[in-house]
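Beneath this line is the structure, given in structure tokens, with notes to follow.
The values are calculated or read from the model by the stated rules, or taken from the named source; none is laboratory data. Everything numeric in this text was worked out from a predicted model, so none of it was measured. When we count neighbours, we look across all protein chains shown, and the Cβ atoms used for this are built from the backbone with ideal geometry, even at glycine. Surface accessibility is based on the protein's heavy atoms, side chains included, excluding ligands, DNA and RNA. Shrake-Rupley method; radii C 1.70, N 1.55, O 1.52, S 1.80 Å.
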Amino acid sequence: MEKEKYATQANGLSRTQLQLQERIDKVTQRIRDLPDGEAEFGKEINLLGAVSQVMAEATAILARPDTGSKAIAAETEAIELLLQSRRFNPGGGGAAAPTRAAAEAERPTTPHSA
């Protein structure tokens, strides 16, 4: 691939990664804003903070531009952290709710979604 075209595509990936990180940050803030959000979802908030940090690293790597093993490793780590958020014990005081709350925070409410 041409060097210029590669750089353009990698920069586009970097911008997309930044947008995803911003969405994670917004969801994290929405969870914090829930009644007792910090107390009820502290583990999930910490996990999403780690996801955001890894996504920031991926954004910087892609902006170099570098889509090689370092970028792949950062993306893989972010995915693995996100998957961990789905593994919390649902019987442990609402631990499964953040995923649902995060999804609901990102989509508009309709009469049929309640």
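Restricting attention to region 15-48, the residues that are surrounded by 14 or more Cβ atoms within 10 Å (Cβ to Cβ), within 14 Å of the chain's Cα centre (by Cα) and not basic (Lys, Arg) add up to 13.
Regarding region 96-108, can at least one residue be identified that is among the charged types (D, E, K, R), at pLDDT 50 or above and touching a helix residue (DSSP H, G or I) at 6+ places or on another chain (Cβ under 9 Å)? So that I can check it myself, show each step before the final result.
Going residue by residue through region 96-108, those that are among the charged types (D, E, K, R) are 100, 104, 106-107.
Remaining after also requiring at pLDDT 50 or above: none.
No, every residue in region 96-108 fails to be among the charged types (D, E, K, R), at pLDDT 50 or above and touching a helix residue (DSSP H, G or I) at 6+ places or on another chain (Cβ under 9 Å).
Within region 51-64, is there a residue that is of a type in the set (A, V, I, L, M, F, W, C) and touching a Pro at 6+ places or on another chain (Cβ under 8 Å)?
Checking region 51-64: not a single residue is of a type in the set (A, V, I, L, M, F, W, C) and touching a Pro at 6+ places or on another chain (Cβ under 8 Å).
Among the residues of region 1-33, those identified as under 15 Å from GLN53 (Cβ atoms) and acidic (Asp, Glu) are GLU22, ASP25.
Restricting attention to region 1-14, the residues being open to solvent by 70 Å² or more (accessible area, probe 1.4 Å) and either hydrophobic (A, V, I, L, M, F, W, C) or within 18 Å of the chain's Cα centre (by Cα) (or both) number 2. Reported count of residues in region 15-52, each being in a loop (DSSP other than H, G, I, E, B) and closer than 23 Å to GLU75 by Cα, is 0.
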